[in-house]
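K.L.:
Here it is, the structure in full.
The values are calculated or read from the model by the stated rules, or taken from the named source; none is laboratory data. Just so you know, these numbers come straight off a predicted model, no measurement behind them. Glycine gets a Cβ as well: all are built from the backbone with ideal geometry, and neighbour counts include every protein chain shown. Each accessible area value is taken on the protein alone, full model and side chains, heavy atoms only, with ligands, DNA and RNA left out. Shrake-Rupley method; radii C 1.70, N 1.55, O 1.52, S 1.80 Å.
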Amino acid sequence: MKPLARQAPVAVLLLRVFAPFTTVYMLSEMLRNVGGVAAPALRESLSLSAGELGLLSGVFMVAIAVLQVPVGILLDRFGSRRVVSLFLLLAAAGTVLFTAHSYALVLMGRMLTGAGLAACWVGAYKANALWWSPQRATLVNGALLGISGIGALAATLPTAIALDYMSWRTLFRGIACIIAVMAVLVWWLVPDHPDECAHDDEPASAQPRLSAVFAEPLFWKVAPVVLLCEGVWMGYQGLWAGVWLRQVNDMGDTLAATHLMWLAVAVIVGQLGLGAFADQLTRRSLRLDHVMAAIVAVFVAAQAGIVFAPAWLVGPLWVVFGLATAGSVMAYARIAQVLPGRLMGRAIALLNMCGAGAAFAIQNGVGWFVGLWPAGADGTPPDTAYQLALGGLVCAQFIALAWMIVPVRRGLPAAVVEGS
């Protein structure tokens, strides 16, 4: 495909770059979060324990995490159109395999789906970094995650309603068909960027460029926040928030799905609204670091409230949790301000690896942790186990936030000091 001009009209970029990547990211968000509503059907159909359910949900994230750096290198070398479309075909095949009747095959299908969607995450952020100016990265990334949050929204009450009329296997086979269609559309519609494959990017040069990302002090300031905050966001929205609402707060399936729907709406509003708000503040010379730190602090405080608040306040606190997920995402725009475009695929891949890897660890780890406690009369772990798990994660996020806001010293370049 002939590369699109560097100064392409905004309408063309929205149609041929932003819309396709946002759509596939939307599908990824739906598949990442659907476990929170589909968990009862999966448990009944496959006779799963809490640990097996956590592993089934978390393996999706570990597949994404493991492939982030290889996918980032492939994207830098071959371009988003080729890599993302081919990986989407793998995701479609994995989603079909997920509908098997054996837990081992279902687990493998979930892993392949995550592997196939790994390119969507890096590809979308890389496309934004290439086609839009660094000054608009916060706004565009916020719009990407806000609109793609419709996928997470579809994984809540709409999915619960759909499961009243069809089996979970029929639902996932339909999603697989949609993914395959999007693979064709991405290949046909997305343009090649003039710089995407223009530089020398042989495999031998991959390690020095990866090292260049590691050599940037700002990466080590924001990576722990991305790791823990995005890990908790994806881990809980994708699975444990639904379990929390049903068990800790004694909600029925429909009411829990409704709260998850409002959580998904809050993520959409937060990513769109706070992304636009941060864009305006930074255009008025307020540092993005300060905006990011403030929103992350609200995110952590909301989780502390969920642990200790009475049941009637938990619903609104999950909404605040969703609104404040925008904070850690601002790290992608901040990194784009200090690294050249040829390194963005790798830098974004490393940040995604942090978030996705932590999401797997949290989804699987929480299941393992609560499984250590003796089951109650209803056969489920006590509420205390879930509260201690989230409380420990709150403490870890607070430490990461404190590390991020400590200024970089020791004679580092002024630009780096200001960025920290």
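K.L.:
Of the numbered conditions (1) without any contact (Cβ under 8 Å) to a residue 60 or more places away in the chain; (2) open to solvent by less than 10 Å² (accessible area, probe 1.4 Å), Gln271 fails exactly one; give the number of that condition.
P.N.:
(1)
K.L.:
Looking for whichever is over 20 Å from Gly149 (Cα atoms) and either open to solvent by 10 Å² or more (accessible area, probe 1.4 Å) or in contact with a helix residue (DSSP H, G or I) (Cβ under 9 Å, 6 or more places away or on another chain) (or both) here; the options are Ala293, Ala276. Which one fits? Steps first, please.
P.N.:
Details: Ala276 fails: over 20 Å from Gly149 (Cα atoms).
Testing whether each residue is over 20 Å from Gly149 (Cα atoms) and either open to solvent by 10 Å² or more (accessible area, probe 1.4 Å) or in contact with a helix residue (DSSP H, G or I) (Cβ under 9 Å, 6 or more places away or on another chain) (or both) leaves just Ala293.
K.L.:
List the residue pairs whose Cβ atoms are under 6 Å apart, where the first residue sits in the range 112-123 and is closer than 13 Å to Gly72 by Cα, the second is β-branched (Val, Ile, Thr) and modelled with pLDDT under 90, and the two are 6 or more positions apart or on different chains.
P.N.:
Ala118/Ile64; Ala118/Val71; Ala119/Val71; Val122/Val71; Val122/Ile348
K.L.:
Quick test of your reading of the structure: Gly142 fulfils all but one of (1) within 26 Å of Pro340 (Cα to Cα); (2) modelled with pLDDT of 80 or more; (3) open to solvent by less than 10 Å² (accessible area, probe 1.4 Å). Name the failing condition by number.
P.N.:
Unmet condition: (2).
K.L.:
Tell me the helices (runs of 4 or more DSSP H) entirely within the range 5-73 that contain at least 1 residues that are touching a residue at least 60 places away in the same chain (Cβ under 8 Å) and either touching a Ser or Thr at 6+ places or on another chain (Cβ under 6 Å) or surrounded by 22 or more Cβ atoms within 10 Å (Cβ to Cβ) (or both). Before you say what the answer is, go through the steps one by one.
P.N.:
Details: elements: 10-13, 19-33, 35-46.
The qualifying helices (runs of 4 or more DSSP H) are 19-33, 35-46.
K.L.:
Could we say that Pro208 is at pLDDT below 75, surrounded by fewer than 16 Cβ atoms within 10 Å (Cβ to Cβ) and part of a helix (DSSP H, G or I) here?
P.N.:
Answer is yes for this residue.
K.L.:
Here's a follow-up. Looking only at the range 69-85, how many residues end up being at pLDDT 85 or above, touching a Phe, Trp or Tyr at 6+ places or on another chain (Cβ under 8 Å) and not charged (D, E, K, R)?
P.N.:
Going through the range 69-85 one residue at a time, the tally reaches 3.
K.L.:
Further, regarding this structure: So if I check each of Gly345, Gly355, which one is open to solvent by less than 20 Å² (accessible area, probe 1.4 Å), at pLDDT below 85, in contact with a helix residue (DSSP H, G or I) (Cβ under 8 Å, 6 or more places away or on another chain) and not hydroxyl-bearing (Ser, Thr, Tyr)? Spell out the reasoning first.
P.N.:
Working: Gly355 fails: at pLDDT below 85.
Being open to solvent by less than 20 Å² (accessible area, probe 1.4 Å), at pLDDT below 85, in contact with a helix residue (DSSP H, G or I) (Cβ under 8 Å, 6 or more places away or on another chain) and not hydroxyl-bearing (Ser, Thr, Tyr) holds for just one of Gly345, Gly355, which is Gly345.
K.L.:
For a quick check of your reading of the model, give me the residue pairs whose first member lies in the range 375-396 and is under 13 Å from Val243 (Cα atoms) and among the acidic types (Asp, Glu), whose second is open to solvent by less than 40 Å² (accessible area, probe 1.4 Å) and not in a helix (DSSP H, G or I), with beta-carbon atoms closer than 8 Å and at least 6 apart or on different chains.
P.N.:
Asp383/Val248
K.L.:
Go through (1) within 28 Å of Ala215 (Cα to Cα); (2) open to solvent by less than 40 Å² (accessible area, probe 1.4 Å) and name the single condition Leu286 misses.
P.N.:
Unmet condition: (2).
K.L.:
Return the pairs, sorted by first residue and then second, in which the second residue is among the small types (Gly, Ala, Ser) and not in a helix (DSSP H, G or I), the first residue lies in the range 297-308 and is under 20 Å from Val329 (Cα atoms) and open to solvent by 40 Å² or more (accessible area, probe 1.4 Å), the beta carbons are less than 7 Å apart, and the residues are 6+ apart or on different chains.
P.N.:
Val298/Ala324
K.L.:
If you don't mind, another one. Between residues in the range 313-339 that are open to solvent by 10 Å² or more (accessible area, probe 1.4 Å) and residues that are outside any helix (DSSP H, G or I), which pairs lie under 8 Å by C-beta distance while being six or more apart or on different chains?
P.N.:
Leu317/Ala309; Val338/Glu216; Leu339/Glu216
K.L.:
Kindly evaluate Thr99 against the criterion of being of a type in the set (Ser, Thr, Tyr), within 21 Å of Ala154 (Cα to Cα), touching a residue at least 24 places away in the same chain (Cβ under 8 Å) and surrounded by fewer than 19 Cβ atoms within 10 Å (Cβ to Cβ). Talk me through it step by step, then tell me what you get.
P.N.:
On the way: of a type in the set (Ser, Thr, Tyr): yes; within 21 Å of Ala154 (Cα to Cα): yes; touching a residue at least 24 places away in the same chain (Cβ under 8 Å): yes; surrounded by fewer than 19 Cβ atoms within 10 Å (Cβ to Cβ): yes.
Against the criterion (of a type in the set (Ser, Thr, Tyr), within 21 Å of Ala154 (Cα to Cα), touching a residue at least 24 places away in the same chain (Cβ under 8 Å) and surrounded by fewer than 19 Cβ atoms within 10 Å (Cβ to Cβ)), Thr99 qualifies.
K.L.:
For the range 222-234, which positions are open to solvent by less than 10 Å² (accessible area, probe 1.4 Å) and more than 25 Å from Ile268 (Cβ to Cβ)?
P.N.:
Ala223
K.L.:
Pairs needed: first member in the range 340-364, touching a residue at least 60 places away in the same chain (Cβ under 8 Å); second member anywhere, open to solvent by 10 Å² or more (accessible area, probe 1.4 Å) and β-branched (Val, Ile, Thr); C-beta distance under 6 Å; at least 6 residues apart or different chains.
P.N.:
Close Cβ pairs satisfying both conditions: Ala349/Val69; Phe360/Val62.
K.L.:
With Ser148, Ser133, Ser167 as the choices, which residue is within 26 Å of Val243 (Cβ to Cβ), open to solvent by 30 Å² or more (accessible area, probe 1.4 Å) and among the small types (Gly, Ala, Ser)? Break it down stepwise before answering.
P.N.:
Values: Ser148 fails: open to solvent by 30 Å² or more (accessible area, probe 1.4 Å); Ser133 fails: within 26 Å of Val243 (Cβ to Cβ).
Only one candidate qualifies: Ser167.
K.L.:
Only residues in the range 169-190 that are closer than 18 Å to Val83 by Cβ and among the acidic types (Asp, Glu) count as the first member; pair them with residues that are modelled with pLDDT of 95 or more and surrounded by 15 or more Cβ atoms within 10 Å (Cβ to Cβ), Cβ under 9 angstrom, at least 6 apart or cross-chain, and list the lot.
P.N.:
none
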